[in-house]
Amino acid sequence: MKRVLVVSVEPPWPAQHGGRIRTARVAEALSAHAEVLVTFPDHGTRQPDPPVATRPLPWSPPPAVRTRASGRPHLGGHYLAPVADSLGALCDEFRPDAMYWSHSYLAAWAPPAACRAPQVVEFANIESRRLRTLVTSAHGWQRVARRAEAAKAAFWEPRVAARAALCVALSQPDLEVLRGWTRDVVLTPNGVDVLPYTPSPADGYVLALASYDYEPNVLALRALVRDTWPLVHADRPEARLVIAGRRSEALRQEFAGLPGVAVHGTLDDVVPAYAGAALTVAPATSGGGAQLKLTESMSRGRSVVMTPFAAQGLPAAIAGSDAYWVADGRRAFAGAILDALRNPSDRHLREHTAWRRCAALGWSQTVAGLVGGITALADRGTAS
């Protein structure tokens, strides 16, 4: 049977947030066609009985100077440099017919043993662009470091793409960039777990659900709470903003006492959070392109107020439809939130439109072309 080794930055299961969900669904889909083993640096919570075989690799953070001084990406070195020997030994043992890298910055640190099989590289973001958006929010040495990483990405990123047997883009803008580096690209937007539709409660709250160990999400949330939410609260004093998601508890003290703002912290189950929400928000103006939380929210029957930056990563099945709000600037963003809260009937029309369009984005559909491409490469590897 064909063998595919999936390399991730963390355990995909439990699949509780964006990066984990995507890697988990790709691995699960692949496992129907090949023998799949998922490996990762051993950190973070992992499920004791994952649906696909896993192999954690012993890991501890390396000295930052080692990875920043390299011409390769610091982030990839942070995760992969300490496990390179273990990963090479695993490749010799498992003998994969194809390698799947969940992030391009990991593939940039691939040990020689991992390069014997065809390489499939997912560009979760175009790192050179993502890093440039992060420069302006940094100061001092951090700003210098980010500029250096962006400059390095302009060198290593196209080379990783050119070496890969197949590259994976998550959005149309990223696809166009990758096609400038290689012809072997497949567009695989984020999918959804299709769930029954339940209209949002008329008196529901505004939900800001994200991973708050990622700086662009924290910066966007702070701007939302500082600049936008007071405009909403002044017009609608009963409005509530609920902040939840990975490591949001770290922000609880910062936002304590603010009118209408509550921090729920990391959630074991997101279902109750969505159930009580009137709508969700995606206020990011920096970072990567395709945000899984947009389609995740819509598939659960909750429409989204988002920035133009966030809207760039919407899949074609949803982009351009009357299924969400796009607002630029604090007054426009506050106005869109107020519009959604004041008009439940219009909100329900939008969220139902979004939910229906998500039916075309089931994970089995969105990853089908990618799974076919990987298994074809593995077939060729087996034949040779």
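Hey, among Pro196, Pro201, Pro173, which residue is closer than 30 Å to Asn343 by Cβ, modelled with pLDDT under 95 and open to solvent by 20 Å² or more (accessible area, probe 1.4 Å)? Spell out the reasoning first.
Values: Pro201 fails: modelled with pLDDT under 95; Pro173 fails: closer than 30 Å to Asn343 by Cβ.
Residue meeting the stated conditions: Pro196.
Kindly indicate the residue of region 176-193 that is of a type in the set (A, V, I, L, M) and open to solvent by 10 Å² or more (accessible area, probe 1.4 Å) and also nearest to the chain's Cα centre (by Cα) among those meeting that condition. Reasoning before the result, please.
Keep residues of region 176-193 that are of a type in the set (A, V, I, L, M), which gives 177-178, 185-187, 192.
Subsequent filtering for residues that are open to solvent by 10 Å² or more (accessible area, probe 1.4 Å) retains 177, 185-187.
Numbers: Val177: 18, Val185: 19, Val186: 17, Leu187: 15 Å.
The residue in question is Leu187.
Out of region 309-327, which residues are modelled with pLDDT of 95 or more and either in a helix (DSSP H, G or I) or open to solvent by 50 Å² or more (accessible area, probe 1.4 Å) (or both)?
Hit for region 309-327 is Val326, nothing else.
Matching residues to (1) surrounded by 18 or more Cβ atoms within 10 Å (Cβ to Cβ); (2) on the phi > 0 side of the Ramachandran plot; (3) in contact with a Leu (Cβ under 6 Å, 6 or more places away or on another chain); (4) of a type in the set (Lys, Arg):
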{"position": "Pro118", "(1), (2), (3), (4)": "yes, no, yes, no"}
{"position": "Leu131", "(1), (2), (3), (4)": "yes, no, no, no"}
{"position": "Ala151", "(1), (2), (3), (4)": "no, no, no, no"}
{"position": "Val160", "(1), (2), (3), (4)": "yes, no, no, no"}
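Take residues that are aliphatic (A, V, I, L, M), touching a Phe, Trp or Tyr at 6+ places or on another chain (Cβ under 8 Å) and open to solvent by less than 40 Å² (accessible area, probe 1.4 Å) and tell me which of the helices (runs of 4 or more DSSP H) falling wholly in region 328-384 contain 1 or more.
Details: elements: 330-342, 344-358, 363-366, 368-383.
Answer list for region 328-384: 330-342, 344-358, 368-383.
Just the residues that are of a type in the set (Gly, Ala, Ser), in contact with a strand residue (DSSP E or B) (Cβ under 8 Å, 6 or more places away or on another chain) and farther than 30 Å from Val185 by Cβ, please, taken from region 335-384.
Matches in region 335-384: Ala336, Ala340.
For a quick check of your reading of the model, give me the residue pairs whose first member lies in region 217-239 and is in contact (Cβ under 8 Å) with a residue 40 or more places away in the chain and closer than 18 Å to Asp339 by Cα, whose second is of a type in the set (Lys, Arg) and assigned to a helix (DSSP H, G or I), with beta-carbon atoms closer than 8 Å and at least 6 apart or on different chains.
What qualifies is Asp227/Arg330; Thr228/Arg330; Leu231/Arg330; Leu231/Arg331; Arg236/Arg342.
Since Leu131 meets every condition but one in (1) hydrophobic (A, V, I, L, M, F, W, C); (2) out of contact with any Asp or Glu (no Cβ under 6 Å at 6 or more places or on another chain); (3) closer than 22 Å to Gly287 by Cα, which condition does it not meet?
Leu131 satisfies all of (1) hydrophobic (A, V, I, L, M, F, W, C); (2) out of contact with any Asp or Glu (no Cβ under 6 Å at 6 or more places or on another chain); (3) closer than 22 Å to Gly287 by Cα except (2).
Show me the helices (runs of 4 or more DSSP H) found entirely inside region 8-114 where at least 2 residues are open to solvent by 40 Å² or more (accessible area, probe 1.4 Å) and over 21 Å from Arg246 (Cβ atoms).
On the way: elements: 18-30, 64-68, 74-80, 84-94, 104-107.
Correct list: 64-68, 84-94.
Cβ-Cβ under 7 Å, sequence separation 6+ or interchain: first residue in region 33-57 and over 17 Å from Asp268 (Cβ atoms) and touching a residue at least 12 places away in the same chain (Cβ under 8 Å), partner open to solvent by 80 Å² or more (accessible area, probe 1.4 Å) and aliphatic (A, V, I, L, M). Which pairs?
That search, which allows pairs on different chains as well, returns Ala34/Met1; Glu35/Met1.
For region 37-90, give me each residue that is within 17 Å of Ala145 (Cβ to Cβ), of a type in the set (Lys, Arg) and at pLDDT 95 or above.
Within region 37-90, just Arg72 meets the criteria.
The values are calculated or read from the model by the stated rules, or taken from the named source; none is laboratory data. Everything numeric here is computed off the predicted structure, so don't read it as measured data. Here Cβ is always computed from backbone atoms with ideal geometry, including for glycine, and neighbour counts include all displayed protein chains. Just the protein is used for accessible areas: all its heavy atoms, side chains included, with ligands, DNA and RNA removed. Shrake-Rupley method; radii C 1.70, N 1.55, O 1.52, S 1.80 Å.
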